[in-house]
Amino acid sequence: MDTGLAIKPKMQVRNLYKVFGASPKEALELLQQGAGKDEILEKTGQSVGLADINFDIYDGEILVIMGLSGSGKSTLVRCLNRLIEPTNGSITIDDCDITRLNITDLRALRRKKFGMVFQHFALFPHRTVQENVAFGLEVQGVTADERTQKAREVLKQVGLEGWENSYPDQLSGGMQQRVGLARGLAVNPDMLLMDEAFSALDPLIRRDMQHELVALQDRFKKTIVFITHDLDEALEIGDRIILMKDGRIVQIGTPEEILTQPADDYVSRFVENVDMTKVLTASSVMVRAQTVAYPRDGLRTMLRKMRDVGISSIFVVNRDQSLRGLVLAQACNDALKSGQQSVDDVLITAIPTTSPDEPVTNLIGLMAEANLPMPVVGNDGKLLGVIVRGSLLAGIAEGGCDAGSIANISREGMER
């Protein structure tokens, strides 16, 4: 799968198992024979936390691990830094297998590689905000002056400048979670592990923190593993999503892949009430331009191209496919009747465009009012495709979008 991220994974998890109980060997044998979690508990008294977990984490991505209570997601994130000891398997970060480290080397690696943000903040009530943020640096042996400077820098980044000398009980829940996030960032870890970090927050504050996390990740370029049971939250922040059930991975993919290509009935039921217009992107609903014109084409050539495929407008592109503008058939006819011959006389350059990653929900209003197709343009300015009313309707209908969204763009007003 093309993640758009670094080719070499930051972390690789292979054949990971976790069995809770005094004698996990029998449970492992039953797992390998295909026995389920409930059957193993009944036969052995051992509880299966994780079974045959395999995935990669790429540098700079937000990987969301989600599932219902008891799915194994929190067990998994705690295995990644061995807060919970795996029963079997390997966890490799930057070519170092964490499962093989002794306790001294493991602690040293944790200080350097991992930051962790918890659901219930875990702040020290007797320490100020600044002292809480600097705690990890204190453990690392960083000097007091350097701790102060770094803590203040990170607090500014998370919007808590001016609160350095306050205590946790003087802060709102959202502010306390910002302190927890700042503490995780202060030690400059390679990877942030966030276990249900926003679950205790009110919905509005939670949404603000989701946006803040995405913005911070864009600035700090950290690799983040985020645990949640909330699908909307996963869709909001995740570059990729791992969906778990009964200690196993059911599906791994981008938000769009999870929603449009569910691996089984369980995933389908899990995502059935999601508004697809919030997840589908322009690239999902665009179509290839039926034909294009070039600056060298004359007005008659452009008219013929439009007539041949039955359209009333045509996009003009350069030789490298970069978009120049749009020409209307009616404008061509009017220009020829008045004796004009130049394409520049009829070329419309002030046309709205969209990027391939733009959510469909942001396009519905524009398309409902538009009388023209909308070009999808890449970062290099090249024409990638075209969104017309028909392709937009088809895309969101296939995705299971609600009837109201479809009705908004179904009325007359745009020609293909």
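The values are calculated or read from the model by the stated rules, or taken from the named source; none is laboratory data. Computed from a predicted structure; not experimentally measured. Virtual Cβ from ideal backbone geometry, glycine too; neighbours counted across all protein chains shown.
Select, from 376, 316, the only residue that is modelled with pLDDT of 90 or more and within 28 Å of the chain's Cα centre (by Cα).
Going through 376, 316 in turn, the sole match is 376.
Return the total of residues in region 64-100 being assigned to a loop (DSSP other than H, G, I, E, B) and either of a type in the set (D, E, K, R) or under 17 Å from residue 194 (Cα atoms) (or both).
Qualifying residue count, region 64-100: 12.
Search region 159-211 for residues being β-branched (Val, Ile, Thr) and without any contact (Cβ under 8 Å) to a residue 60 or more places away in the chain, and hand back the single one that is surrounded by the fewest Cβ atoms within 10 Å (Cβ to Cβ).
For region 159-211, the residue satisfying everything is 205.
Quick check: anything in region 40-60 assigned to a loop (DSSP other than H, G, I, E, B), in the same structural domain as residue 254 (by TED's automatic domain parsing) and within 25 Å of residue 254 (Cα to Cα)?
yes
Inspect region 214-229 for any residue being buried (at least 19 other Cβ atoms within 10 Å of the Cβ), closer than 30 Å to residue 258 by Cβ, assigned by TED's automatic domain parsing to the domain that holds residue 113 and of a type in the set (Asp, Glu) and give the result as yes or no.
Within region 214-229, not a single residue is buried (at least 19 other Cβ atoms within 10 Å of the Cβ), closer than 30 Å to residue 258 by Cβ, assigned by TED's automatic domain parsing to the domain that holds residue 113 and of a type in the set (Asp, Glu).
Is it the case that residue 243 is in the same structural domain as residue 80 (by TED's automatic domain parsing) and more than 25 Å from residue 36 (Cβ to Cβ)?
no
Go through region 213-245 and give me each residue that's acidic (Asp, Glu) and modelled with pLDDT of 90 or more.
Correct list: 239 only.
Take the residues in region 13-58 that are under 33 Å from the mean Cα position of the chain (by Cα) and β-branched (Val, Ile, Thr); name whichever of them is nearest to residue 70 (Cα to Cα).
Residue satisfying both the conditions and the ranking: 48.
Failed condition for residue 128, given (1) more than 24 Å from residue 205 (Cα to Cα); (2) of a type in the set (S, T, N, Q); (3) touching a Ser or Thr at 6+ places or on another chain (Cβ under 9 Å), with all others met?
(1)
Do we find that residue 46 is surrounded by fewer than 21 Cβ atoms within 10 Å (Cβ to Cβ) and not small (Gly, Ala, Ser) in this structure?
Answer is no for this residue.
So is residue 73 assigned by TED's automatic domain parsing to the domain that holds residue 236, under 30 Å from residue 133 (Cβ atoms) and of a type in the set (D, E, K, R) or not?
Here the answer is yes, as residue 73 does meet what is asked.
Exactly one condition in (1) part of a loop (DSSP other than H, G, I, E, B); (2) free of Cβ contacts under 8 Å to residues at least 24 places away in the same chain is false for residue 330; which is it?
Against the list (1) part of a loop (DSSP other than H, G, I, E, B); (2) free of Cβ contacts under 8 Å to residues at least 24 places away in the same chain, residue 330 comes up short only on (1).
Go through (1) in contact with a strand residue (DSSP E or B) (Cβ under 6 Å, 6 or more places away or on another chain); (2) surrounded by fewer than 19 Cβ atoms within 10 Å (Cβ to Cβ); (3) in a loop (DSSP other than H, G, I, E, B) one by one and return the number of the condition residue 12 breaks.
(3)
Output the residues belonging to region 295-325 that are out of contact with any Pro (no Cβ under 8 Å at 6 or more places or on another chain) and part of a strand (DSSP E or B).
314, 317, 322, 325
Between a first residue in region 123-150 that is in the same structural domain as residue 177 (by TED's automatic domain parsing) and surrounded by fewer than 20 Cβ atoms within 10 Å (Cβ to Cβ) and a second residue that is among the hydroxyl-bearing types (Ser, Thr, Tyr) and part of a loop (DSSP other than H, G, I, E, B), which pairs have beta carbons less than 7 Å apart while being 6 or more apart in sequence or on different chains?
Taking only residues 6 or more apart or on different chains, the pairs are 125/167; 128/166; 128/167.
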